[in-house]
Structures are given as C-alpha cells and as structure tokens.
C-alpha cells in the first residue's frame with residue numbers, strides 16, 4: 001500500500017529545460033551580487049575540501065565567483081552552491097523575473113493525492129528554498145499547499161540509500177509504504193535499497209537511463 005509519495009523535481013515534476021535554460025543561467029548572471037561574507041565563507045570551506053581531495057578548482061585567489069562558475073560547470077550537488085542559487089532565484093521570483101514551472105499533469109495529481117490523504121513531499125538537490133519557490137509561483141497558483149515537506153542535500157546525497165532511510169524516518173512510515181519517483185536510475189537504486197517503492201519518470205527531454213526494471217511513469221495521470 002502506498003501512503004506517501006516522494007517526488008524528484010528536475011525531469012519529474014518540472015521540465016529539465018526550465019532548470020538548465022532558465023534557472024542556471026539566471027543564477028550564473030547574478031551570482032556576483034550575492035557573494036557576501038557568509039556565502040564566501042561556506043564556499044571557501046568547500047574549496048579547501050576540494051583541494052584536500054586532489055581536485056583542481058580555480059585558485060581561491062582568483063575570487064569566489066570563479067569557484068562558483070567552476071561548481072556550476074560541473075553541476076556539482078554542493079550545499080554551498082545550492083544555497084547561493086536559492087538566494088539568487090528568490091530575488092528573481094520576488095521581482096517577477098522568474099516563475100515556477102511544472103508539467104501540466106502535476107497540479108491535478110498533487111490535489112488528488114492531497115484529497116485522498118497521501119503524504120506528498122519533495123526531494124531535490126536544489127535547496128529547500130529553491131524547491132518552495134518553484135511550487136509557490138506556478139501559473140497554476142501556489143502548489144505548496146499540497147506538499148507536506150521538503151528534503152535537499154542536507155539530508156544526504158540522492159544516490160545513497162541512507163538518505164532515503166532518513167526520509168522514511170521523517171515520514172514516520174515504513175519504507176515500503178513510500179513511493180519515490182525520479183528520472184534517474186541511480187537515485188531509484190538508492191531508494192529501492194532502502195526499501196522504498198520506485199518508479200522511473202519518462203518525460204520529454206529526459207536523459208536516456210541505463211537498462212533497468214523499474215515501472216515507468218510518463219504522466220501523473222497514470223498514478
């Protein structure tokens with residue numbers, strides 16, 4: 001029995017093009033404006049860790065912005081970067097320059113699940129703030145009223161089973177009663193290893209995934 005649904009965002013509730021063609025370029029263009037002392041301190045800690053790991057980020061003497069651009073180029077699931085991007089996007093949404101985007105089948109599905117008592121939450125590598133901004137500013141209205149919680153990289157990597165064990169604990173439900181939907185097989189593998197149900201989102205433009213046996217979902221009208 002499914003009592004809860006955990007949703008990825010990119011390629012699952014929201015087109016990948018919105019993330020890569022709208023949000024990421026906007027963050028890159030406005031990053032310098034938001035590099036205050038607190039943000040730079042967080043970035044410097046991560047930069048130091050990269051050096052210790054033998055990676056080759058731009059020298060810190062090149063400036064924090066050069067490191068931010070390096071992280072963005074790798075699509076690094078960095079907590080410091082994601083928090084910075086969330087702050088940038090918040091300002092863009094506030095000024096009306098950004099609006100959240102979801103697939104047309106998402107609002108009705110969220111409302112239906114909410115009405116039937118299914119606990120729906122979000123798990124994305126984007127910060128919790130960034131997640132809330134997407135769902136609160138769509139052309140369908142504020143969809144956050146249908147969402148009971150959010151998880152990001154502070155919970156753990158999306159490709160590690162321990163992250164999903166922690167999420168099941170947060171739900172207060174047995175793992176097999178939670179369905180996770182994502183467009184990435186590696187994430188589904190981690191969720192399944194933790195005991196969650198898993199379904200692969202097949203949306204237009206999603207990257208081809210390795211062979212797998214997960215049930216697929218092309219639209220939430222099927223759920």
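Here, each number is a calculation from the coordinates, and none is a lab measurement. This is a predicted model, so every value here is computed, not measured. FYI the Cβ positions are ideal-geometry reconstructions off the backbone, even for glycines, and counts take in every protein chain you see.
A few remarks follow.
- Correct choice for mean projected area of the Cα convex hull in nm² that was computed from the model, options (1) 11.9; (2) 14.3; (3) 12.6: (3)
- Taking every DSSP beta bridge that has both ends in the chain, the antiparallel portion is near 5%.
- Once the Cα atoms are used to define both axes, helix 161-171 deviates from the longest principal axis of the chain by about 60 degrees.
- Distance between modelled label sites at residue 32 and residue 95, nm, 7 Å Cα→Cβ extension: 1.4
- In this calculation the C-beta distance from residue 42 to residue 189 is compared with R0 = 35 Å, giving a FRET efficiency of 0.70.
- Cα long-axis angle, helix 37-52 against the chain (0 to 90 degrees, to the nearest 10): 90
- Amide N proximity, the range 92-123 versus residue 139 label position 7 Å along Cα-to-Cβ, cut-off under 16 Å: 97-108
- In nm, spacing of pseudo-spin labels at residue 148 and residue 21 (7 Å Cα→C-beta vector): 3.6
- Structure remark: mean-square fluctuation, Gaussian network model of the chain, C-alpha springs under 10 Å; the largest value among 177, 38, 187 belongs to 38.
- Spatial offset of the range 1-35 relative to the range 74-139 amounts to 7 Å, using the alpha carbon center of each.
- Value of relative contact order over the range 1-148, rounded to a whole percent, pairs C-alpha under 8 Å and six or more apart: 32
- Tilt relative to the chain, helix 79-94 - C-alpha long axis, 0 to 90 degrees, to 10: 80
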